[in-house]
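Encoded as structure tokens, the structure appears first; notes follow it.
The values are calculated or read from the model by the stated rules, or taken from the named source; none is laboratory data. Just so you know, these numbers come straight off a predicted model, no measurement behind them. Quick reminder, even Gly has a Cβ in these numbers, built from the backbone with ideal geometry, and neighbours come from all protein chains shown.
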């Protein structure tokens, strides 16, 4: 059985948010196309976030989630998601290393390290 809640530790590199997850073969995988701006806004209260923070995410709600993203459309083998304030961001095909298919919603929580 695969994990239901996933965890990565984003950090700032080359003026954008990236993460490493050697378990699935990713190193300095960048967030692009609206996602960096969402992260800046969603988690601005985390002290020293640019040095890294813990990001939990799942396709189902879990206790303490802070953000709910809604699937908008698929494009370029990735998926666009919308946040409640109508901000949109694209998650690249690396999403499918965590989920077999794009979920209609993603639930997210961030914590300081």
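Here's the yes/no breakdown for (1) in contact (Cβ under 8 Å) with a residue 40 or more places away in the chain; (2) out of contact with any helix residue (DSSP H, G or I) (no Cβ under 9 Å at 6 or more places or on another chain); (3) within 14 Å of residue 10 (Cβ to Cβ):
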residue	(1), (2), (3)
58	yes, yes, no
63	no, yes, no
84	no, yes, no
89	yes, no, yes
107	yes, yes, no
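Out of the range 2-21, which residues are more than 15 Å from the chain's Cα centre (by Cα) and at pLDDT 95 or above? If you could, list the steps in order and put the result at the bottom.
To start, the set of residues in the range 2-21 that are more than 15 Å from the chain's Cα centre (by Cα) comprises 2-3, 13-15.
Once the filter is applied, which keeps residues that are more than 15 Å from the chain's Cα centre (by Cα) and at pLDDT 95 or above, the range 2-21 yields only 13.
Being free of Cβ contacts under 8 Å to residues at least 40 places away in the same chain, farther than 19 Å from residue 9 by Cβ, in contact with a strand residue (DSSP E or B) (Cβ under 6 Å, 6 or more places away or on another chain) and surrounded by fewer than 18 Cβ atoms within 10 Å (Cβ to Cβ): is that true of residue 93 here?
Details: free of Cβ contacts under 8 Å to residues at least 40 places away in the same chain: yes; farther than 19 Å from residue 9 by Cβ: yes; in contact with a strand residue (DSSP E or B) (Cβ under 6 Å, 6 or more places away or on another chain): yes; surrounded by fewer than 18 Cβ atoms within 10 Å (Cβ to Cβ): yes.
Yes; evaluated as a whole, the condition is true for this residue.
Going through the range 52-79 one residue at a time, which ones are in contact with a strand residue (DSSP E or B) (Cβ under 6 Å, 6 or more places away or on another chain) and surrounded by fewer than 11 Cβ atoms within 10 Å (Cβ to Cβ)?
Listed by number, the residues that qualify are 61, 64.
I'd like the full set of residues that are in contact with a helix residue (DSSP H, G or I) (Cβ under 8 Å, 6 or more places away or on another chain), within 16 Å of residue 110 (Cα to Cα) and not in a loop (DSSP other than H, G, I, E, B), limited to the range 1-24.
Once the filter is applied, which keeps residues that are in contact with a helix residue (DSSP H, G or I) (Cβ under 8 Å, 6 or more places away or on another chain), within 16 Å of residue 110 (Cα to Cα) and not in a loop (DSSP other than H, G, I, E, B), the range 1-24 yields 11, 12, 17.
Looking at the range 45-60, can you tell me whether even one residue there is outside any strand (DSSP E or B), modelled with pLDDT of 95 or more, within 13 Å of the chain's Cα centre (by Cα) and within 17 Å of residue 99 (Cα to Cα)?
Yes, the range 45-60 has at least one match.
Can you name the condition, by its number, that residue 27 falls short on among (1) assigned to a strand (DSSP E or B); (2) surrounded by 13 or more Cβ atoms within 10 Å (Cβ to Cβ)?
In the conditions (1) assigned to a strand (DSSP E or B); (2) surrounded by 13 or more Cβ atoms within 10 Å (Cβ to Cβ), residue 27 misses (2) alone.
Which residue, of 84, 94, 112, is under 24 Å from residue 51 (Cβ atoms) and over 13 Å from the mean Cα position of the chain (by Cα)? So that I can check it myself, show each step before the final result.
Details: 84 fails: under 24 Å from residue 51 (Cβ atoms); 94 fails: over 13 Å from the mean Cα position of the chain (by Cα).
None of the other options fit; the residue is 112.
Would you mind stating whether residue 32 is within 19 Å of residue 113 (Cβ to Cβ) and either surrounded by fewer than 16 Cβ atoms within 10 Å (Cβ to Cβ) or modelled with pLDDT under 95 (or both)? Step through it out loud before you land on a result.
Numbers: within 19 Å of residue 113 (Cβ to Cβ): no; either surrounded by fewer than 16 Cβ atoms within 10 Å (Cβ to Cβ) or modelled with pLDDT under 95 (or both): yes.
No: the conditions fail for residue 32.
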